[in-house]
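Comments concern the structure below.
The values are calculated or read from the model by the stated rules, or taken from the named source; none is laboratory data. Note that the structure is a prediction, hence the values are computed from the model and not measured. Don't worry about glycine lacking a Cβ; one is built from the backbone with ideal geometry, like all the others, and counts go over all protein chains shown. Please note that ligands, DNA and RNA were not included when accessible areas were found on the heavy atoms of the full protein model with its side chains. Shrake-Rupley method; radii C 1.70, N 1.55, O 1.52, S 1.80 Å.
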Amino acid sequence: MSVVDRINGFARKVPTWAVYILYILPAPYFFYLALTGGLGPDPVKPLEHEYGEIALQLLIIGLCITPLRQYFGLNLIKFRRTFGVLAFTYVTLHLLVWAVLDVQSINRVVEDIIKRPYITIGMAGFLLLLPLALTSNNWSVRRLGPKWRQLHKLTYVAVILGGVHYIWLVKGIQLEPLIYMAVILGLLALRLRPRKRASAAA
C-alpha cells in the first residue's frame, strides 16, 4: 500500500466533526489570551489579526484540496465544505472583533467601509462568503444541483480579496502577506492548467 493510499484510508476514517473541533479551538484560546494579557496591553488588534489570518489560512487549505487530488491522488474532498465553514466562522469573528471591540460604533463601521479601501475589500470578501456559508449543507446541494458548484466558485474571488485585504492592511511592504497572495495565485493557476491541456487537445 502506497503512502497516498494510507493517507486516503486515514482520511476516510476521520469524521468531519473532529476537524471542526480541532480548528475551532484556537478561537476561544486567543480570546482567553486577549482577556488575560497574553496578546499584549492592547489585545484587540492582535486578536483581530489572529482571527483574520486563520480565516485566510483555512481558505487556502480549501483551495489545496482539488490540486492535491489532481496531482497527487490525495482525496480530501469530504473536508472541503468543513474548511469553508470554518473559514467563514473565523472571518465573522474577525469582523465582529473589528466592529464591536475596535470601532465600537455602527456609524464609524459604515464610514470605514466607505472611506478605507482595504476595509471595503475585506467586507466585499465577507459578503461573497455569506451565500456560500448559507448553502454549505446537503439540502442546498440537492436543491441547487449544478448551480451549487458555480455558486461556490465565488470562493476564488473571496480568497483573492482576502489576500489583497491583508496586503493593504499592513503598513509598508511586508513579506508575509505577499507570500499568502503568491500561494493563493499559485493554487488558482494550478486549477487552470488541466483546462488549458484539454482545450489544446481539442
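Restricting the first member to the range 43-60 and to residues that are under 24 Å from THR82 (Cβ atoms), and the second to residues that are at pLDDT below 95 and outside any helix (DSSP H, G or I), the beta-carbon pairs closer than 8 Å and six or more apart or on different chains are LEU47/LEU39; GLU50/LEU39. Taking the range 6-56 as the range and being part of a loop (DSSP other than H, G, I, E, B) and either open to solvent by less than 70 Å² (accessible area, probe 1.4 Å) or of a type in the set (D, E, K, R) (or both) as the test, the residues that pass are VAL14, PRO15, GLY37, GLY38, LEU39, GLY40, ASP42, PRO43. Selection of first residues in the range 23-35 that are under 24 Å from PHE79 (Cα atoms) and of second residues that are of a type in the set (S, T, N, Q) and part of a helix (DSSP H, G or I), restricted to Cβ pairs under 8 Å at least 6 apart or on distinct chains, gives the following pairs, ordered by first then second residue: ILE24/THR89; ALA27/THR89. Set side by side, the residues VAL91, VAL157, VAL97, VAL85 differ, and just one is more than 28 Å from PRO28 (Cβ to Cβ) and in a helix (DSSP H, G or I), which is VAL157. The numbered conditions (1) over 13 Å from the mean Cα position of the chain (by Cα); (2) within 21 Å of HIS152 (Cα to Cα); (3) of a type in the set (Gly, Ala, Ser) are all true for ALA99 except (2). Considering ILE184, ILE121, the condition of being in contact (Cβ under 8 Å) with a residue 60 or more places away in the chain and either in a helix (DSSP H, G or I) or buried (at least 18 other Cβ atoms within 10 Å of the Cβ) (or both) is satisfied by ILE184 alone.
With ILE65, ILE60 as the choices, which residue is closer than 27 Å to ASP102 by Cβ and surrounded by 16 or more Cβ atoms within 10 Å (Cβ to Cβ)? Of the residues listed, the single one that is closer than 27 Å to ASP102 by Cβ and surrounded by 16 or more Cβ atoms within 10 Å (Cβ to Cβ) is ILE60. One residue stands out in the range 187-202 among those that are over 17 Å from ILE61 (Cβ atoms) and surrounded by 11 or more Cβ atoms within 10 Å (Cβ to Cβ): the one that is modelled with the lowest pLDDT, namely PRO194. The set of residues in the range 88-118 being of a type in the set (S, T, N, Q) and open to solvent by 50 Å² or more (accessible area, probe 1.4 Å) consists of GLN104, ASN107. The number of residues in the range 157-181 being under 15 Å from VAL85 (Cα atoms) and open to solvent by 40 Å² or more (accessible area, probe 1.4 Å) comes to 0.
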